[in-house]
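Engineer: Just dropping this structure here.
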Amino acid sequence: MASSLSRRSLVKLGLASAGIPAFSKLMAANAFAQDASAEAGKMGVIGGRAEGDLFPGKGLPGGGQLELRLTASIYTSDPEALEIAQRLKPYDLESWIVEHTRIAERNEQTAEKFASQGLTVTANEYYTRAANFYREAAWPQPVTEPRMLPTYKKARLMFDKAWDPKIARAPFERVQVNFEGTMLDGYFRKPGGGAAGKKFPVVIPFQGADTMAEATIMGGGAYVARGMAFLAVDFPGQGGALRLRDLHLPPDTDRVAKAMIDYLATRPDIDINHVGMEGISMGGYGVPRAASGEKRIKAGCMSSGSYDLGKDLFDYLPSIQERVRWIIGAKDLADARKKLQDYTLEGRADKITCPMLIGYSKDDRVMDPAGAYKLYQAAVNSKRDMVEGTGHNQASNAGGPRAMRAPVFPDWMMKQLVVES
């Protein structure tokens, strides 16, 4: 009987966890609940929205979509993630903050104990866990929440303690990138063991609305292992650039890409003729918009492609509207809707000339998959393809633990940059 139940039936029965992905492995690179998948999927499947799978509520904004990112699954092997899932009130921001902060504080105390005993390897592991749980507590907090900045700073502090040279050797280099007169914090990784003077192709990740560079850099290993360097920076509208410097995401994201590539051009270990950009969530708009103006981008892939950020995200997921308002620097939601008219590929998609791999999930409830299809249709001068099942995590995505999924985007990017390099 259970096998005949559809996701629609399960939702009606109130079994919310049926459509919720398992928690990421917090000891490894953290994958936020709001992030799209960078892996798996079905190559060459051209399409867009699956209307019948989206449970639209007629007459309700965004089909009545709840804040599905504030949920956690019991299907996890991490006992503390399981504890959170069992205690958490779904869709409840206060519960989300309290439960993640409680586990973060526990790991911080454990890390401090091991550090004081000189057990640095173990201390690194617990500081990393503390950073990840603080980061999970921080990302959904609005600018009006008094705990937002202290929680974010705690996540940064735990990350810094984990990779203090007295504790552990970091797999990255700390860098700063000049963006139109303001220095942005970031991290850089490259393959080890290369010959002296070797120049590497490089990938620049353009992550989602709630990303932070500390998580992004730890997820860069898939690219580094395939012979590519990886530059993760808090762009305007992200992480510390937004929270500490009040920098907002511009519609013409080629300005951001230009700053990143200008920095990379100063490095003797980078092959500046082989630069790629990878986008997740809001980066599904940021990458193609950047590629439409910054011709030094030679390849672009995105987990959830977007043509129009206003239609594909702001209107599609009402619960994210306040966050988008903050990210783009609008004074209120009406002003945000007006500003978002400039966050589009209209009249620009045909200016993209680099190859693109446009990901989507036909039942994505965060980013409208119709936008990915429209981008595919409009980018007529790009050698492009689509991959279904790589959008924001849901049960229909090519399932299983992330560690067991085929790394579609790193493999595709390797073919574009490394083989030709």
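Engineer: Find the centroid of the Cα atoms in the stretch 262-281 and in the stretch 295-324, then give the distance between the two in whole Å.
Structural biologist: 22 Å
Engineer: In percent, what relative contact order does the stretch 174-417 have, based on Cα pairs under 8 Å that are 6 or more apart in sequence?
Structural biologist: 18 percent
Engineer: While we're looking at this one, here's another question. Scan around residue 175 for amide H atoms under 5 Å from its own, H built in the peptide plane at 1.01 Å from N, and keep only partners 5 or more places away or cross-chain.
Structural biologist: The answer is 186, 187, 188.
Engineer: Starting from the 7 Å offset along Cα-to-Cβ, what nm value, one decimal, do you get for the label separation of residue 43 and residue 415?
Structural biologist: For residue 43 paired with residue 415, the spin-label model returns 0.4 nm.
Engineer: Moving on. Could you run the Karplus curve 6.51 cos²θ - 1.76 cosθ + 1.60 with θ = phi - 60° over the stretch 276-281 and give me ³J(HN,Hα) per residue in whole Hz, x for Gly and Pro?
Structural biologist: x, 10, 10, x, 10, 6
Engineer: While we're on this one: Can you tell me the order of 283-293, 342-352 when each peptide is scored by its average per-residue count of other Cβ atoms within 10 angstrom, highest first?
Structural biologist: 283-293, 342-352
Engineer: Neighbour counts of other C-beta atoms within 10 Å: give me 151, 110 arranged from fewest to most.
Structural biologist: Final ranking by Cβ density, sparse to dense: 110, 151.
Engineer: Arrange 360, 376 by Cβ neighbour counts within 10 Å, fewest through most, would you? Provide the component values of the computation, followed by the final result.
Structural biologist: Numbers: 360 35, 376 22.
Going from least to most buried by this count: 376, 360.
Engineer: Considering the convex hull of the alpha carbon atoms of the stretch 174-417, report its projected area averaged over all viewing directions, in nm², one decimal.
Structural biologist: Computed as one quarter of the Cα hull surface, the answer is 12.3 nm².
Engineer: How do the peptides 69-79, 300-310, 213-223, 328-338 rank, highest first, by the average count of neighbouring beta carbon atoms within 10 Å per residue?
Structural biologist: Ranked from most to least packed, the peptides come out as 300-310, 213-223, 69-79, 328-338.
Engineer: Evaluate the distance, in nm, between pseudo-label points positioned 7 Å from the Cα of residue 153 and of residue 244 along their respective Cα→Cβ axes.
Structural biologist: With each label point 7 Å from Cα toward Cβ, the separation is 1.1 nm.
Engineer: Can you give the extra length, in nm with one decimal, that the chain gains between residue 74 and residue 95 once fully stretched, where that is 0.36 nm per residue apart less the Cα-Cα distance?
Structural biologist: 6.0 nm
Engineer: Let me ask you something else. Report the full-extension gain for the segment residue 252 to residue 333: residue separation times 0.36 nm, less the Cα-Cα distance, to one decimal in nm.
Structural biologist: 27.1 nm
Engineer: If we count other beta carbons within 10 Å of each Cβ, what is the order of 153, 166, fewest first?
Structural biologist: On the way: 153 15, 166 9.
Fewest to most other Cβ atoms nearby, the residues stand as 166, 153.
Engineer: Next question. What is the Cα centroid distance between the stretch 338-395 and the stretch 80-104, reported in whole angstrom?
Structural biologist: Going from one Cα centre to the other spans 33 Å.
Engineer: A further question follows. Multiply the residue gap between residue 180 and residue 269 by 0.36 nm, knock off their C-alpha separation, and tell me the result in nm, one decimal place.
Structural biologist: Once the chain is fully extended between residue 180 and residue 269, it gains 29.7 nm.
Engineer: May I pose another question? Would you kindly derive the ³J(HN,Hα) couplings of the stretch 359-364 from the backbone phi angles with the Karplus curve 6.51 cos²θ - 1.76 cosθ + 1.60 (θ = phi - 60°), listing them in order in whole Hz, with x for Gly and Pro?
Structural biologist: Per residue, the Karplus-derived 3J(HN,Hα) values read x, 6, 10, 5, 10, 4 Hz.
Engineer: Mind jotting down the distance between the C-alpha centroids of the stretch 229-245 and the stretch 111-182, whole Å?
Structural biologist: That distance is 14 Å.
Engineer: Using the Karplus equation 6.51 cos²θ - 1.76 cosθ + 1.60 (θ = phi - 60°), what ³J(HN,Hα) coupling, rounded to whole Hz, does each residue of the stretch 249-266 give in order, writing x for Gly and Pro?
Structural biologist: Karplus values, whole Hz, x for Gly and Pro: 6, x, x, 8, 5, 5, 5, 5, 4, 4, 4, 5, 6, 4, 5, 4, 5, 7.
Every read-out reported here was derived from the displayed coordinates using simple, explicitly stated rules and does not represent laboratory data. What you see is a predicted model, and the numbers here were worked out from it, not measured in a lab. Counting neighbours? That spans all protein chains shown, and the Cβs are built from the backbone with ideal geometry, glycine included.
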